[in-house]
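The values are calculated or read from the model by the stated rules, or taken from the named source; none is laboratory data. On a predicted model such as this, the values are computed, not experimentally measured, just so you know. Note that we place each Cβ from the backbone using ideal geometry, even for glycine, and neighbour counts take in every protein chain shown.
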Amino acid sequence: MSMVTVEHLHKVFGRFTAVKDATFSIDKGEIVGFLGPNGAGKTTTMKMLTGYLPPTTGTASIAGYDIIDKPLEARRHIGYMPENVPLYEDLRVTEYLEYRARLKGICGKSVRQQVGWAVDRCGLEPKRRNLIRTLSKGYRQRVGLADALLGNPDLLILDEPTNGLDPNQIRQIRELVRSLAEDHTVILSTHILSEVEMICNKVIIIDQGQIKANDTPQNLTRNLRAAGRVSIEFKGDLEPVVKELEAFAPVKKVIVEGPLPGGWHHLIVRAEPGTDTREKAADIIASHHFPMRHIYRHIPSLEDVFVEMTRKD
Amino acid sequence: MTEKENTTILRTRSWFYTLRTIFGREFRSYLCTPFGWVILGCAIGLQGFWLQAVLQTMSKATGESVMFYMLDNVNFWFFFIFIFPLITMRSMAEEESHGTLEGFLTAPVTTTQIILGKYFASLLFYIILWTPMLLYPWMSDLGNLYTTLRYGIEPEGRINYTPADWFGPISILTISGSFFIALGILCSSLTRSQIIAGIVCTCAIIIYYFMGRVPELWGEFPAAPAFHYLSISEQISAFSRGLIDTRPLVLYLSLAVFTLALTKRVVDYRRWHR
């Protein structure tokens, strides 16, 4: 079942088009990494999904409720954590969360129960009586996250949840998101790609307002140009080796990187994605009895995908 | 806590529950921060200052109640015109500049609920500001009683009052305040700067006040009744004498509803055209 459906979403600010014709859908239970360079339109898209910013044209629906026609119903299904968590400075952490819980329609003894639960899950226990204005950035982020979790919404939209946190806190948040994944749908935007690789089962890449990719991380890396790249360092005659390598079918191009000290050569072999040319290359060099000190097949990462999709050149 | 416990969350869809939540938070924000107490302290100080001026006047002229002299007084206008921007200037402007409006509008809350919650909280705080003044006759009675009991003499210069002396001022201050508070919230929703909101609101109230003074400057020309109808100074003068009139009630309540509806439009417009 589709949790989020976005159709031809378009957002224009004056003369600047922030999001162009975005169409995608997110199924229930997916953890989606929303990636893109600064100013790509990630936050704008997220704000449109939450119903805060109205789209210029196009529609989106959350759990089957249109964000324009039934905004309140749609918002009941969303837990949203904005980028710079806006908080009331003059409240204490639990006061603030209780207030937010009531705004979300939670009532009776569930208010305290929900706040206690969110405080526990976000590690806010030591700071629950503190005034929000005295909290550090990391704790403010956690208050924002706890706020998003209140009422156990089906869909969590987290805009850079780990921004400004220390590595331990990032790990905690990652574990938290992973544990939520069992019965929630999560959309999170971040610049930390290793994080996405670790927890997301779907990636949406947006650049200059356009959706560039929408797939699983595995599929994205598999089809990458960098996927079949092998780098080799050996000592000996360059010409026969290059010639024989280029004759091998999956190899598209052999690039010679300038001579290294001590007579070593560095080759970069570009091949079809998904092929492994290491064995053949090693055979060729061995047949000439040249010494080889390094052979490495590049493992494509999400970073390569990101760079390839969003590169300006 | 297990997920199972978490699935039985008590929820309500009541419109008034949300409104009450916002109202409660807004009203507490006046009383749980120095902001509200500074205003309250200044208000009591000012009222006390002009009370002694009023008592001076009353010792010379009698015939009207202390409430009449309190409200039919130059000091009153200094207070009355500036109190509304002070109370309301931060209400919407602060939400916008702190970004907390985003928190509101991504929760299942409507713009109307936000505006009404803030409006009623400000209105209640405004009414509370007047309570010290409305207690003066009662306090003077207590003082007289104390003098009688302690020294066994009947004090002279008793402040006389009737229920109308109280009810008149309370009603006109509440009725006209209901519009001026709405006006202040409208001004606050126009901008993200509290200062600008305060200045615009002050100007609007001063202009409204002088509209009622137009017949004094121009004489009784054919359109003068319209200005008399709007004149807040004449209304307050009449009500503080104990003359209850329903026309200001209709005027201010309809203006308040119109202003609040306009505020909702402004907030939505500013969100849609960001």
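Just for the stretch A:88-104: of the residues that are at the interface with another protein chain (Cβ under 7 Å from one of its Cβ atoms) and modelled with pLDDT under 90, which one is nearest to A:V186 (Cα to Cα)?
A:Y88
Go through the stretch A:275-300 and count every residue that is of a type outside the set (A, V, I, L, M), exposed (fewer than 12 other Cβ atoms within 10 Å of the Cβ) and in a loop (DSSP other than H, G, I, E, B).
Count: 1.
Quick check on the stretch B:192-215. Is at least one of its residues within 14 Å of chain A (Cβ to nearest Cβ), among the hydroxyl-bearing types (S, T, Y) and over 20 Å from the mean Cα position of the chain (by Cα)?
No: zero hits.
When you go through (1) touching a Leu at 6+ places or on another chain (Cβ under 8 Å); (2) within 11 Å of chain A (Cβ to nearest Cβ) one by one for B:E96, which number turns out not to apply?
(1)
Looking at the structure I just gave you, is B:F35 in contact with a Lys or Arg (Cβ under 8 Å, 6 or more places away or on another chain) and at pLDDT 85 or above?
Criteria met by B:F35.
Which residue out of A:I78, A:I31, A:I67, A:I26 is buried (at least 18 other Cβ atoms within 10 Å of the Cβ), in contact with a Cys (Cβ under 6 Å, 6 or more places away or on another chain) and assigned by TED's automatic domain parsing to the domain that holds A:L158?
A:I31
Looking at B:T112, B:T62, B:T100, B:T106 in this structure, which one is touching a strand residue (DSSP E or B) at 6+ places or on another chain (Cβ under 8 Å) and either of a type in the set (S, T, Y) or at pLDDT 90 or above (or both)?
Testing whether each residue is touching a strand residue (DSSP E or B) at 6+ places or on another chain (Cβ under 8 Å) and either of a type in the set (S, T, Y) or at pLDDT 90 or above (or both) leaves just B:T106.
Could you please find all residues in the stretch A:135-175 being under 27 Å from A:K109 (Cβ atoms) and more than 14 Å from every other protein chain (Cβ to nearest Cβ)?
A:L135, A:Y139, A:R142
What is the residue count in the stretch A:134-153 for residues that are at pLDDT below 90 and either part of a strand (DSSP E or B) or surrounded by fewer than 17 Cβ atoms within 10 Å (Cβ to Cβ) (or both)?
2
Determine whether A:A74 is more than 7 Å from every other protein chain (Cβ to nearest Cβ) and either touching a strand residue (DSSP E or B) at 6+ places or on another chain (Cβ under 6 Å) or assigned to a loop (DSSP other than H, G, I, E, B) (or both).
yes
Please work out which one of (1) more than 11 Å from chain B (Cβ to nearest Cβ); (2) more than 18 Å from the chain's Cα centre (by Cα); (3) not acidic (D, E) is the condition A:K42 fails and give its number.
Exception for A:K42: condition (2).
Is it the case that A:V269 is of a type in the set (A, V, I, L, M), crowded, with 19+ Cβ neighbours inside 10 Å and outside any helix (DSSP H, G or I)?
Criteria met by A:V269.
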